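Colleague: Mind having a look at this structure? Questions to follow.
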Amino acid sequence: MNHISADIIIIGGGAAGLMAAAGAARTLSSRKDDARIIVLEKMPRPGRKIMITGKGRCNFTNLKNWNEFSEHVHPKPGFLKPSFYNLTSEKMIDYLADVGMESVVERGDRAFPASHLASDVVDALVRSAEYAGAEVFCGKEVRNINRKDEIYIVECSDSTTYQAKKLIICTGGLSYPKTGSTGDGYHWAKELGHSIKTLFPSLTAIVPSGYKDTTGLSKEKCVSKGHIDRSTPLSENGNLLCGNQLKNVGLSIIIDGNLADEEFGDLDFTDGGLEGPIGFKMSRKCVNALINGSKVQALIDMKPAVETEDLQVRVATLWNEIAKDKRSANKLYKDRFKILLTKVLPMQLIPAFVKLNPNADHKTLAKTLKGWKMEIEGYVGYERCVVTAGGVSQEEMTPKTLESRLVPGLYFAGEIIDLDGDTGGYNLQIAFSTGYLAGISAARQLISDIQQ
């Protein structure tokens, strides 16, 4: 068995792990010449999940100030504040520029690599860690962690053992398991004495009733209540809706009869269900509610800029115009009604709208457009969700250092913590900020230990 000693071991070579490595190495380089920082990544390459972020374009941060940024962080954003101010979004852009990656800022204060290639973000993070002196070892699957005489002993599947006084766990969550996020870190955190807040998928597709053909759904693929695997085939209704992209609509979520949230923006019908920016943002509350057995409904407002009364007047005017048109004189009611629909809805959406609202007519159309109701029966799980909600309890870590309150020398960063954000660059910035602070904190404590 090969034994390797280091000063700090970081498990996980994703966004948080690479930033932790850079932060630790930079801090130690000026104080300890022989410092050794090691990153253990089980996949063949680091940053696998970053590669698929933003459909490969990688929206890596958001430039909103703390007050606005924190509104997009859950469940308790205050825990993130020390990490964020230590490495703000603006500092992150400068940080990447220092290692050769330029950025552009687009709508919604979202920052992307100028190339719009996620691989450039990964390359920049790896460069920054290695330039600072950290070592990144890939293909290192951790099997076991022990702590003996204030030393952390990390055993890998290839029989290599690493040991260090400080350990940072940055293993991510459960989302997109094919990228290496299989929840290993939660197991080790529990073994080391930590408690895990309930885990559930977030930033995922929510599935309307009848959207998927669940008749042959395998129970083995249902990991929790309400979970509908993305591979489940679409139903007839799902096929009619899939591919429609709604711009500037309103979405309200009703849980057990009460309004839980409402948003305005873009909504997409995909092979998973309801997605897009506002669909993703609403998914956190929907999934949590469904897991807890609550009834969930979605109301789509197709005309949020117009009050119902004004829309009724507009629809009545259009209907009268159609009735007076000589071309409509001999048409059946249903045909004239479809002509009306072409004036208020995208053409591609009309077949689904008619089928799912069979009682709608020209008199009720305005109200239906303002409140297209869909019962929500499930959600897509970890196989295709963006982030895992829940994780290592915030109460068991010190926010200013991210060190465990229970086990000295143990730190956590990134998605493994009970801390997640909305879509729009927030989750990667959470990973960057917490990773960097954890690395710096571990290094500073190591220096302090040496000096004592």
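Colleague: At a threshold of 8 angstrom on Cα-Cα distance, excluding pairs fewer than six apart, so keeping six or more, what relative contact order does region 134-212 reach in percent? Could you put the intermediate results ahead of the total?
Modeller: Details: 69 pairs, mean separation 12.1, N = 79.
Relative contact order of region 134-212: 15 percent.
Colleague: At 1.4 Å probe size, put Tyr85, Tyr333 in order of accessible surface, largest to smallest.
Modeller: Details: Tyr85 120, Tyr333 85 Å².
Final ranking, largest accessible area leading: Tyr85, Tyr333.
Colleague: Assign unit charges at the C-beta atoms only (+1 for Lys and Arg, -1 for Asp and Glu), then state the dipole size of the chain relative to its Cα centre in Debye, rounded to the nearest 20. Please report the intermediate quantities before stating the final value.
Modeller: On the way: 55 positive and 54 negative charges, 239 e Å.
Using Cβ point charges on Lys, Arg, Asp and Glu, the chain gives about 1140 debye.
Colleague: Order Lys55, Lys197 by their accessible area, 1.4 angstrom probe, all chains in place, largest first.
Modeller: Numbers: Lys55 195, Lys197 95 Å².
My answer, sorted largest first, is Lys55, Lys197.
Colleague: Cα-Cα over 22 Å: which of Lys140/Lys178; Lys76/Lys370; Lys76/Lys285?
Modeller: On the way: Lys140/Lys178 16 Å; Lys76/Lys370 33 Å; Lys76/Lys285 15 Å.
Beyond 22 Å between Cα atoms: Lys76/Lys370.
Colleague: First select every other residue whose beta carbon is under 13 angstrom from the beta carbon of Arg143; then total the charges, Lys and Arg +1, Asp and Glu -1. List each step's numbers first, then the result.
Modeller: Details: positive: Lys42, Lys140; negative: Glu141, Glu155, Asp158, Asp184, Glu191.
Result for the neighbourhood of Arg143: -3.
Colleague: May I pose another question? Find the centroid of the Cα atoms in region 388-414 and in region 295-367, then give the distance between the two in whole Å.
Modeller: Result: 54 Å between the Cα centres.
Colleague: Rank Asp98, Asp158, Asp184 by accessible area, highest first, at a 1.4 Å probe radius?
Modeller: Values: Asp98 125, Asp158 70, Asp184 45 Å².
Sorted descending by solvent-accessible area, the residues read Asp98, Asp158, Asp184.
Colleague: Where does the chain land at 222 nm, in deg cm²/dmol rounded to the nearest 500, when only DSSP H runs of n ≥ 4 count, each adding -39500 (n - 2.57), divided by all residues? All intermediate terms of the calculation are to be shown ahead of the outcome.
Modeller: Details: 13 runs with 146 residues, N = 452.
It lands at -10000 deg cm²/dmol.
Colleague: Below 16 Å, Cα to Cα, which aspartates and glutamates can Lys247 reach? Residues fewer than 8 away in the same chain don't count.
Modeller: Glu262, Glu263, Asp266, Asp268, Glu275, Asp301
Colleague: I would also like to ask the following. Whole percent per 20 Å bin, from 0 to the bin with the longest distance: what is P(r) over all C-alpha pairs of the chain?
Modeller: Per 20 Å bin, starting at zero, the Cα-Cα P(r) for the chain comes out as 24, 48, 21, 6, 1 percent.
Colleague: Run down the aspartates and glutamates and flag those whose C-alpha is under 16 Å from the C-alpha of Lys324, throwing out any fewer than 8 positions away in its chain.
Modeller: Asp335
Colleague: When only C-alpha pairs under 8 Å and at least 6 residues apart count, what is the relative contact order of region 180-264, in percent? List each step's numbers first, then the result.
Modeller: Values: 51 pairs, mean separation 15.2, N = 85.
The value is 18 percent.
Colleague: Report the local net charge at Gln394: Lys and Arg +1, Asp and Glu -1, summed over other residues whose C-beta lies under 10 Å from its C-beta.
Modeller: On the way: positive: Lys76, Lys197; negative: Glu395, Glu396, Asp418.
Within the 10 Å Cβ shell, the charges total -1.
Colleague: If you don't mind, there's one more thing I want to ask. What helices does the chain hold that run 20 Å or longer along their axis, going by alpha-carbon atoms, with a Kyte-Doolittle average of -1.0 or more, using DSSP H for the helix calls? Kindly include the intermediate steps, with their values, before the conclusion.
Modeller: Details: long enough: 15-29 (21 Å, 1.02); 118-132 (22 Å, 0.38); 276-291 (22 Å, 0.44); 308-324 (24 Å, -0.24); 426-451 (37 Å, 0.42).
TM-like helix candidates: 15-29, 118-132, 276-291, 308-324, 426-451.
Colleague: Which value, in Å² and to the nearest 10, is the accessible area of His227 when all protein chains are kept and the probe is 1.4 Å?
Modeller: My reading of the accessible area for His227 is about 10 Å².
The values are calculated or read from the model by the stated rules, or taken from the named source; none is laboratory data. All figures in this text were calculated on a predicted structure; none of them were measured in a lab. Positions of Cβ are generated from backbone atoms using ideal geometry, with glycine treated the same way; all protein chains shown enter the neighbour counts. Accessible surface areas use protein heavy atoms only, side chains included; no ligands, DNA or RNA. Shrake-Rupley method; radii C 1.70, N 1.55, O 1.52, S 1.80 Å.
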